[in-house]
Amino acid sequence: MTDQTNDAPQASHGWASPEFQNRLSRRRRSEAILKGVGLGAILFAFLMLGILLWTLISGGTQAFRQTHITLDVPISAELVDAEDPSRGNYRNVMNEAMQVTFPDAEEGDLRALSGIVSNAAQFEVRDRIVADPSLIGQTITIKVPVSDPYDQLNKGNVDTESDETMRRLNDAAIGWFQQLQDEGRISKPINWALITNADSRFPELAGLKGAIIGSFYALLVCFLISFPLGIGAAIYLEEFAPKNRLSDVIEVNINNLAAVPSVVFGLLALAVFLGWFGMPRSAPLVGGMTLALMTMPTIIIATRAALKAVPPSIREAALGVGASKQQVVFGHVLPLAMPGILTGTIIGLAQALGETAPLLLIGMNAFVTAAPSTPLDAATALPTQIFIWADSPERGFVSRTSAAILVLLGFLVMMNALAIFLRNRFERRW
Amino acid sequence: MTGFAFALLLTAALAGYMMNRQAAVTLRDGGQRLHSLGMFHGLYALLAVLVPAIIIVLLWLVLQSTVINRLVMAGLPDGVLDNLGSGAIQLIKAEIQSISQGRVFGDPEQWKMDAAERMNSLRAASGWLMLLVVAAVSAAALFVTRRSVRAEFRARQAVEGITMGLLISCSLVAIFVTVGIVLSLVFESIRFFQMVPITDFLFGTSWEPQIPIREDQVAAEGAFGWLPVILGTLVITFVAIVVAVPVGLMSAIYLNEFASKRFRAIAKPVLELLAGIPTVVYGFFAILTVAPAIRAWGASLGLPIAPNTALAAGSVMAVMLIPFISSFADDALSAVPRSLRDGSMALGATRAETVTKVLFPAAIPGIVGGVLLAVSRAIGETMIVVMAAGLIAKMTINPLDSVTTVTVQIVTLLIGDTSFDSPKTLAAFALGLMLFIVTLLINIVALRIVRKYRELYD
């Protein structure tokens, strides 16, 4: 300022002077730059979210459809004994079916040909025959998934122009598949197996049933433990706790617990639940208990906020007509705070549903081909299933991982939508 | 048997409720003035049955399998467990267990069959004993509470006393969890430091946990110096923070100062979406999209970029941290008193000048607290690095190289293998202890800064 007044005292004071205009435009420019950078930062975050979702959706939608093949399977009495149909040679039954479908195929091609059909086909035929042994000697028509390489071919993921030795299907295999397509045997229905099957080594058969049920059990256990404990702790801290050292310690403790890395909870579960108490590995019960410890701080914090939001007039009115302190809390404050508590609980459970690391440590990444029937059976959960599939080398698992993520995100969206609905519908503004 | 026990104690509790309430009502109808309502007399009986019985059943269930296993293993014939490692003993335990559940593979020795039979009979006995104890405790509680029903008995106070006890124990669970974490980590770490000197762990510069399991196996000697592991963690954290802080800060400034109300109402929840996505999804995103993209970019520049470079894991972690930092910075900026903002504007400062010269300096403590919390999250973050970072520990600070992290090592050391006596497994607990200490310190400092700053302006 001082040197300006010395050099050009008149010019710098006039609002219309060029120096002032220069300065003003410079200041406006720096404002525009800051604004632009800020907008750019937000757009960058949006762009990342967009790329993430686009990757998942473009990759995952493929897995919601599965290529199927319709085959006529002759059941010869030589291969399947009518006395004991469950022990028939169904592998050869399938080979015969391929022979019928490709009458001019050579003996040596049969092995490759039967590779078109998924491994599950023989079991499906077996189940049909066991259910109805009178089918032996006749020809039945089945519709089964094709194996993964052909599924990828049908979905356009195989570059047929590339070098034959560089891909899993040679030109002959592609020719056979073309022939099947021309005969109208190939279809691409919705892949219900993704939800109705449990895990499998074969991508075309792998599904999420076990993971969904495992996650459900784990969340149920998590809810049953963390909900009462969390509400109880929050009521005590918010309504009854005297202001002393112990309450302070508990409070600091809960805040810190909420920030402990999730993998540490896994270590705790591994050492205490599995190591000292001898609980079963890979069980949703243990997973749920671990998740409950992590969810409890979230529920406590949400419940305390909800209790705080109930106006003192309610408490005073109830106390005024002679209710005891506990009657006030359980009869009036708690019911009024319930919508807020439920919202916080659902958000906490949604976090727990996506939690992976502690479940890995207690072995919920096991390869389990049957859905669990109790919380004590070995099982996977949705996020650990995603982790297993993401690690699998088969091409089909890439799109299935995306599909599984979409299923998981679907559940998360539903839970959060429920929480938002509860909040908007029931929460009162005092 | 557990189902029976629960059914029994629930019936007893309900019966106690009815009985005592009825007794109290009878007293009242007889013309006496009760101190408490009949309902409280009933509730007193209900709680007096439920609380001790449920505690007994839960403790029983938790301890039962450990005790039975101990008894069975102690009852094995002399000599069969001699000269066996703990891994082999684990296997024998598992075999006996599966035989006792009726899954017999091959042709096990007779003593295993005997042990399995013993295990089954112990289980049955334990079940019956539990039922008996529950019945006895319930009956005793019923008897005692039934005698307490009198006109002057302060049943409401008694019920509220029990409820208060329950509430206090709920809040003590939080302390137990912390104590449990510390105890389990410290306990296993001490066992680790008995095998590997603590100085080797803290100051060693080589991390090669693949030690031989059998005598004749060819494997590395095993080295447990955690410096390269924590160095890798810091490299990835550094990449994440360097990307996330400017982006998060700038978006917070824009949302707070320049955005229209409508834009803010849409942009904030969308940003929060990034925080709600499970980390396993980010991990998949990192290996499927980001890592190949970074490698292609490196190849076009002629840079040698490792397949699982720290850049990929770090930048994806940054995306996860953006909403975290943004919302902390947003809160800090909003908490600056209006008078400061108004004063600056009244002097003729532009919005940008107000933000950079007045609001931002005033909000720095809050922002620093948020960034510290983000650092602690990045250090403790597991799934992204497990999927996208490397496994081999190197003493390098080159973010283009592949590095490993503390959490990656914990997970890889513990997946599949859980015999609790090899340094390989126990090393994971030592790493976990260090992770816990480091994140706890950062969190305490960060929370203190945030809280202190809030008090400054409130």
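The values are calculated or read from the model by the stated rules, or taken from the named source; none is laboratory data. Being a predicted model, the structure only gives us computed values, none of them experimental. Cβ sites come from the backbone with ideal geometry, for glycine too, and all protein chains shown count toward neighbours. Quick note on the areas: whole protein, heavy atoms, side chains included, nothing else; ligands and nucleic acids left out. Shrake-Rupley method; radii C 1.70, N 1.55, O 1.52, S 1.80 Å.
Below are the figures for this structure:
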{"read-out": "Heavy atoms of A:W430: accessible area, 1.4 Å probe, square angstrom to 10", "value": "140"}
{"read-out": "For the protein assembly as shown, with +1 on Lys and Arg beta carbons and -1 on Asp and Glu, the positive-most of A:P133, A:F216, A:L349 along the dipole", "value": "A:L349"}
{"read-out": "Prolate/oblate/rounded call for the range B:2-183, Cα gyration tensor, a/c under 1.5 rounded", "value": "prolate"}
{"read-out": "Positive-pole candidate from B:I54, B:A24, B:G42, dipole of chain B, charges at beta carbon", "value": "B:A24"}
{"read-out": "Chain A - charge dipole about Cα centre, Lys and Arg +1 at Cβ, Asp and Glu -1, debye rounded to 20", "value": "2720"}
{"read-out": "Accessible heavy-atom area order of B:S334, B:S184, highest first, probe of 1.4 Å", "value": "B:S334, B:S184"}
{"read-out": "For the protein assembly as shown: accessible area per residue (Å², 1.4 Å)", "value": "48"}
{"read-out": "Label-point separation in nm, B:L59 to B:F105, each point 7 Å along Cα→Cβ", "value": "3.8"}
{"read-out": "Radius 12 Å from Cβ of A:L205, net charge of other residues (Lys, Arg +1; Asp, Glu -1)", "value": "-3"}
{"read-out": "Normalised convex hull volume, the range A:28-171, alpha-carbon set, Å³ per residue", "value": "155"}
{"read-out": "For residues of B:159-170, the mean tally of beta carbons on other chains within 10 Å", "value": "5"}
{"read-out": "Mean Cβ count within 10 Å, highest first, over the residues of peptides A:55-65, A:18-28, A:114-124, A:413-423", "value": "A:114-124, A:55-65, A:413-423, A:18-28"}
{"read-out": "Inter-probe distance in nm under a simple model that places probes 7 Å from Cα toward Cβ, at A:F46 and A:R168", "value": "4.0"}
{"read-out": "Per-pair calculated FRET efficiency, R0 = 60 Å: A:V37 and A:N157 via Cβ, rounded to 0.05", "value": "0.90"}
{"read-out": "Pairwise FRET efficiency - B:L132 versus B:D78, Cβ, R0 = 30 Å, nearest 0.05", "value": "0.35"}
{"read-out": "Test item: Cα-centred dipole of the range A:65-190, Lys/Arg +1 and Asp/Glu -1 on Cβ, debye", "value": "540"}
{"read-out": "Counting all C-alpha pairs of chain A, share separated by more than 27 Å (%)", "value": "68"}
{"read-out": "Burial order of peptide ranges B:323-329, B:241-247, B:69-75 (average beta-carbon count within 10 Å, highest first)", "value": "B:323-329, B:241-247, B:69-75"}
{"read-out": "Sites A:S187 and A:D104 - FRET efficiency at Förster radius 25 Å, r taken between beta-carbons, to 0.05", "value": "0.55"}
{"read-out": "For chain B, the longest site-free run once GluC sites (Glu not before Pro) in DSSP loop states with at most 15 other Cβ atoms within 10 Å are removed", "value": "B:222-458"}
{"read-out": "Cross-link pairs B:K268/B:K452; B:K112/B:K424; A:K155/A:K209; A:K243/A:K308 - those with Cα-Cα distance over 20 Å", "value": "B:K268/B:K452; B:K112/B:K424; A:K155/A:K209"}
{"read-out": "Cα-based Rg of the protein assembly as shown normalised by 2.2 N^0.38 Å, two decimals", "value": "1.14"}
{"read-out": "About the Cα centre, charge dipole magnitude for the protein assembly as shown (Lys/Arg +1, Asp/Glu -1 at Cβ), debye", "value": "4700"}
{"read-out": "Nearest-ten-degree value, helix B:155-195 long axis tilted from longest Cα axis of chain B", "value": "60"}
{"read-out": "Accessible area buried at the A-B interface, both sides summed, 1.4 Å probe (Å², nearest 100)", "value": "6600"}
{"read-out": "Ranked packing of A:364-374, A:233-243, most packed first, by mean Cβ within 10 Å", "value": "A:233-243, A:364-374"}
{"read-out": "Area accessible to solvent at A:S147, 1.4 Å probe radius, in Å²", "value": "20"}
{"read-out": "Listed residues B:Y453, A:G175, A:V368: farthest to the positive end of the dipole of the protein assembly as shown (Cβ charges)", "value": "B:Y453"}
{"read-out": "Shielding of B:315-323 by partner chains, average beta-carbon count, 10 Å", "value": "2"}
{"read-out": "Contact order relative to length of chain A, as percent, for alpha carbon pairs under 8 angstrom and 6 or more apart", "value": "18"}
{"read-out": "Accessible area, probe 1.4 Å, largest first, for residues A:I346, A:I195", "value": "A:I195, A:I346"}
{"read-out": "Surface/4 of the Cα convex hull for the range B:223-457, nm²", "value": "15.1"}
{"read-out": "Tensor-based shape of chain B (alpha-carbon gyration tensor, a/c under 1.5 rounded, otherwise prolate or oblate)", "value": "oblate"}
{"read-out": "Rounded if a/c under 1.5, otherwise prolate or oblate - the range B:351-423, Cα gyration tensor axes", "value": "prolate"}
{"read-out": "Residue-averaged beta-carbon neighbours from other chains (10 angstrom radius) around B:347-355", "value": "3"}
